[in-house]
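J.: Shown below is the structure under consideration.
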Ligand SMILES: *Cc1c(COP(=O)(O)O)cnc(C)c1O
């Protein structure tokens, strides 16, 4: 069986037409805002979401961290779900970069509610950190690719407006949510103060994320990006891949979602598997029965050419993406049903 790499949707290889777009990109010095391709990517993404401006950054971690830095003062508090990437996987950056503390909420597979947010807002009391920012994640990575209902996000937005809180979206996999739920980028642009989208996840570009917000916010963000060392020069080479991905790789995400559903069904038929988190997008998280650990099962799968991550003692994650073909999924399903 050929190698099937389900560790993450970050492992994708650029396609031939994507490489062609990169090779022929018009470039300039982006620290001088002179890279036509970067400018085009920023404007294209902003327009897509109906937001004023965009900023191309090297990673999703950087777009999130810049947003948090711009939106908070040292000593403020950021409200988010306990599974959030901004808390779990950004190296303590909220404290390190922004000097802010975090209020963690226990959501439902990474999704929090307006009531939870409202209850977590500190009163105007000198003892308390100032609650200033709410960060949502859609889809939720640790939540197994779960998606928000737009109505639930809008209720959170109302609480933010009422209490003078800013609302940021970690939309590393937002396009997966849009495709799965039939939502539009404009609906998100109208609701959030800032949005971070990743080009290097399901969209299949080799590098890059875009931060979206108002002109004023992005002006501040550009300064922070430079401070963080993220001001790149002829970045159009990689921005071209991002533009290509936005134009060509969004609709096809539904294929990744179908593949993930097939894997879910195969896993449910496997006697070693205790449970599978309901699959909504391209992430499949499952729990093994006692008697076999995730590390052991992942090592077994590796002998069969299947790569995945153990995300807990009994828990494994599969992520489908651009380089996972239907044939691979069928082979893997046949194998999973019996092993
Ligand atoms: C991958 C990811 C990011 C950003 O990660 P980078 O590897 O820094 O690009 C942010 N949020 C979520 C939910 C992610 O899955």
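The values are calculated or read from the model by the stated rules, or taken from the named source; none is laboratory data. This is a predicted model, so every value here is computed, not measured. As a convention, Cβ positions derive from the backbone with ideal geometry for all residues, glycine included, and neighbour counts pool all protein chains shown.
J.: Just one of the numbered conditions (1) free of Cβ contacts under 8 Å to residues at least 60 places away in the same chain; (2) away from the ligand (no atom under 16 Å from the Cβ) is not true of residue 218; which one?
T.: (1)
J.: Take the residues of segment 178-198 that are in contact with a strand residue (DSSP E or B) (Cβ under 6 Å, 6 or more places away or on another chain) and in a loop (DSSP other than H, G, I, E, B): which is nearest to the ligand (Cβ to nearest atom)?
T.: If we take residues in segment 178-198 being in contact with a strand residue (DSSP E or B) (Cβ under 6 Å, 6 or more places away or on another chain) and in a loop (DSSP other than H, G, I, E, B), then 192 is nearest to the ligand (Cβ to nearest atom).
J.: Please find, among 100, 95, the residue that is more than 16 Å from the ligand (Cβ to nearest atom), within 21 Å of residue 156 (Cβ to Cβ) and surrounded by fewer than 24 Cβ atoms within 10 Å (Cβ to Cβ). Spell out the reasoning first.
T.: Details: 95 fails: within 21 Å of residue 156 (Cβ to Cβ).
Selected residue: 100, the only one of 100, 95 that is more than 16 Å from the ligand (Cβ to nearest atom), within 21 Å of residue 156 (Cβ to Cβ) and surrounded by fewer than 24 Cβ atoms within 10 Å (Cβ to Cβ).
J.: Any residue that is crowded, with 24+ Cβ neighbours inside 10 Å, within 16 Å of the ligand (Cβ to nearest atom), at pLDDT 95 or above and over 20 Å from residue 88 (Cα atoms) - is there at least one of those in segment 153-165?
T.: Scanning segment 153-165 turns up no residue that is crowded, with 24+ Cβ neighbours inside 10 Å, within 16 Å of the ligand (Cβ to nearest atom), at pLDDT 95 or above and over 20 Å from residue 88 (Cα atoms).
J.: Here are some conditions: (1) surrounded by 20 or more Cβ atoms within 10 Å (Cβ to Cβ); (2) in contact with a helix residue (DSSP H, G or I) (Cβ under 7 Å, 6 or more places away or on another chain). Residue 317 meets all but one. Which one does it not meet?
T.: Residue 317 satisfies every listed condition except (2).
J.: Restricting attention to segment 199-238, which residues are assigned to a helix (DSSP H, G or I) and within 15 Å of residue 53 (Cβ to Cβ)? Show your work before the answer.
T.: First, the residues of segment 199-238 that are assigned to a helix (DSSP H, G or I): 215-227, 236-238.
Listed by number, the residues that qualify are 215, 216, 217, 218, 219, 220, 221, 222, 223, 224, 225.
J.: Return yes when residue 60 is surrounded by 18 or more Cβ atoms within 10 Å (Cβ to Cβ), over 22 Å from residue 249 (Cβ atoms) and within 16 Å of the ligand (Cβ to nearest atom) and no when it is not.
T.: Against the criterion (surrounded by 18 or more Cβ atoms within 10 Å (Cβ to Cβ), over 22 Å from residue 249 (Cβ atoms) and within 16 Å of the ligand (Cβ to nearest atom)), residue 60 does not qualify.
J.: Between 90, 77, which is surrounded by 19 or more Cβ atoms within 10 Å (Cβ to Cβ), more than 15 Å from the ligand (Cβ to nearest atom) and free of Cβ contacts under 8 Å to residues at least 60 places away in the same chain? Spell out the reasoning first.
T.: On the way: 90 fails: more than 15 Å from the ligand (Cβ to nearest atom).
Just a single option satisfies the conditions, and that option is 77.
J.: So which residues in segment 299-314 are free of Cβ contacts under 8 Å to residues at least 60 places away in the same chain and either within 15 Å of residue 256 (Cβ to Cβ) or surrounded by fewer than 18 Cβ atoms within 10 Å (Cβ to Cβ) (or both), if there are any at all?
T.: Step one: list which residues in segment 299-314 are free of Cβ contacts under 8 Å to residues at least 60 places away in the same chain, which gives 299-303, 310, 312-314.
Those that are free of Cβ contacts under 8 Å to residues at least 60 places away in the same chain and either within 15 Å of residue 256 (Cβ to Cβ) or surrounded by fewer than 18 Cβ atoms within 10 Å (Cβ to Cβ) (or both): 299, 300, 302, 303, 310, 312, 313.
J.: Within segment 103-146, how many residues are surrounded by fewer than 21 Cβ atoms within 10 Å (Cβ to Cβ), assigned to a helix (DSSP H, G or I) and in contact with a strand residue (DSSP E or B) (Cβ under 9 Å, 6 or more places away or on another chain)?
T.: Number of matching residues: 3.
J.: Hey, among 189, 208, which residue is at pLDDT 95 or above, surrounded by 18 or more Cβ atoms within 10 Å (Cβ to Cβ) and at positive phi?
T.: 208
J.: Tell me whether segment 58-66 contains one or more residues that are closer than 30 Å to residue 126 by Cβ and touching a strand residue (DSSP E or B) at 6+ places or on another chain (Cβ under 7 Å).
T.: Filtering segment 58-66 for residues closer than 30 Å to residue 126 by Cβ gives 64-66.
Checking which are touching a strand residue (DSSP E or B) at 6+ places or on another chain (Cβ under 7 Å) leaves us with 64, 66.
Yes, the conditions are met somewhere in segment 58-66.
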